[in-house]
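Student: The structure that follows is given in the form of C-alpha cells.
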Amino acid sequence: MHAISGLIAAALLSAPMPAAAADWWRVVSNESGKTYIDLGSLKKTGTWTRVDQVMVYPVASPTTRVKSVATIVEFDCSRRVARYRLFRAQDDSGAELHNLTDPDQLAEHDAGKNTVGGDALDFVCNISRERAVRVANPFTDR
C-alpha cells in the first residue's frame, strides 16, 4: 500500500503544471490595427523580456490575405529594441498562412517612442500602462 501511495505521489509531482491563464491587454489601437500583449506569458531571461503578442488588422491584406499575426517577441527594455522569435500569420478564417521560427535571424528592431513597437515595449517593460485595456480575447477585442 505504501508503494502505491509513493507511486501516486511521484506521478503527481512529475506531472506538468497547467499553463498560466492568458492575460490579454490591448496596448495599441489605431487605423492600422490593434496590438495585444499576453501579460501572463511574460518571461524574463537576462536583458530580454519575452511575451506573446497578437496584431489584428481591420481588414485582411488583399495581396497576402493576412488578417492577424501572432508572435513571440522579445524586448530589451534598456536598449529599446525588439526581436521576433515566432511569426504566425493567419487569414480571415483563422487558417495559418505562415509559421516562421526566428523569422529574421534575431535581427533587432528599434522600438522607438510613439510607434507600435515602442508602445508595446512601454507596456511590457512597465514604463507606461495607462492606455492599455484588458480584453478576454484579442480576436474579438472583448
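The values are calculated or read from the model by the stated rules, or taken from the named source; none is laboratory data. Computed from a prediction, not measured in an experiment: that's the story for all the values here. Please note: Cβ atoms are built from the backbone with ideal geometry, for glycine as well, and neighbour counts cover all protein chains shown. With ligands, DNA and RNA removed, areas are computed over all heavy atoms of the protein, side chains included. Shrake-Rupley method; radii C 1.70, N 1.55, O 1.52, S 1.80 Å.
Student: Accessible area, 1.4 Å probe, largest first: how do 29, 128, 93, 68 sort? Numbers along the way, then the final one.
Tutor: Details: 29 75, 128 35, 93 100, 68 5 Å².
Ranked list, largest accessible area first: 93, 29, 128, 68.
Student: Taking θ = phi - 60°, what integer Hz values does the Karplus form 6.51 cos²θ - 1.76 cosθ + 1.60 yield along the stretch 104-117, in sequence order, with x for Gly and Pro?
Tutor: Couplings: 10, 6, 6, 4, 8, 10, 4, 10, x, 4, 6, 10, 4, x Hz.
Student: Output wanted: per-residue J couplings in Hz (rounded whole) for the stretch 39-48, from phi through Karplus 6.51 cos²θ - 1.76 cosθ + 1.60, θ = phi - 60°, x for Gly and Pro.
Tutor: Each residue's phi maps through the Karplus curve to give 5, x, 8, 4, 9, 9, 9, x, 8, 9 Hz.
Student: So how much accessible area does residue 91 have, in Å² to the nearest 10, using a 1.4 Å probe?
Tutor: Taking all protein chains as shown, residue 91 has close to 30 Å².
Student: Each residue of the stretch 67-74 in turn: what ³J(HN,Hα) in whole Hz from Karplus with 6.51, -1.76, 1.60 and θ = phi - 60°, glycine and Pro shown as x?
Tutor: Ordered by residue, 3J(HN,Hα) equals 10, 8, 9, 9, 10, 10, 10, 10 Hz.
Student: Using a 1.4 Å probe on the protein chains only, how many percent of the accessible area of the chain belongs to carbon and sulfur?
Tutor: On the way: 5040 of 8770 Å².
In the chain, the share of accessible area belonging to carbon and sulfur is 57 percent.
Student: On a 1.4 Å probe surface of the protein chains, which of 76, 92 comes out largest in accessible area, and what is the full order? Write down the numbers at each step before the final one.
Tutor: Values: 76 5, 92 110 Å².
Descending accessible area places them as 92, 76.
Student: Helix-only estimate, please: 222 nm mean residue ellipticity of the chain, summing -39500 (n - 2.57) across DSSP H runs of length 4 or more and dividing by its residues, to the nearest 500. Walk me through the numbers on the way to the answer.
Tutor: Details: 2 runs with 22 residues, N = 142.
Dividing the helical sum by the residues of the chain leaves -4500 deg cm²/dmol.
Student: Still on this structure, I have one more. Taking the Cβ of residue 48 as the center, what net charge do the other residues with Cβ under 12 Å away carry, scoring Lys and Arg +1 and Asp and Glu -1? Before the final figure, lay out each step's value.
Tutor: Numbers: positive: 43, 44, 50, 79, 83, 85; negative: 74, 76, 108.
The answer is +3.
Student: Based on the Cα gyration tensor of the chain, what are the three equivalent ellipsoid semi-axes, each the root of five times an eigenvalue, rounded to whole Å and given largest first?
Tutor: On the way: eigenvalues 210, 78, 51 Å².
Three semi-axes, in Å: 32, 20, 16.
Student: Next question, about the same structure. Roughly how much of residue 43 is accessible, in Å² to the nearest 10, using a 1.4 Å probe?
Tutor: Its accessible surface works out to 120 Å², give or take rounding.
Student: Please give the helix 2-14 orientation as an angle from the longest Cα principal axis of the chain, in degrees from 0 to 90, rounded to the nearest 10.
Tutor: 10
Student: Sticking with this one: Out of residues 5 or more away from residue 23 or on other chains, whose amide H comes under 5 Å of its own, with H placed 1.01 Å from N in the peptide plane?
Tutor: 39, 40, 41
Student: Still on this structure, please answer the following. So which lysines pass the test for residue 44, namely a Cα distance under 28 Å, with those fewer than 8 places away in the same chain ruled out?
Tutor: Partners found: 34, 113.
Student: Another question, if that's okay. May I ask you to rank 65, 80 by accessible area, largest first, using a 1.4 Å probe over the protein chains only?
Tutor: Result of the area sort, largest leading: 65, 80.
Student: Taking amide H positions as placed in the peptide plane 1.01 Å from N, state which residues far from residue 77 in sequence (5 or more) or on other chains have amide H under 5 Å from it.
Tutor: Answer set, sorted by chain and number: 49.
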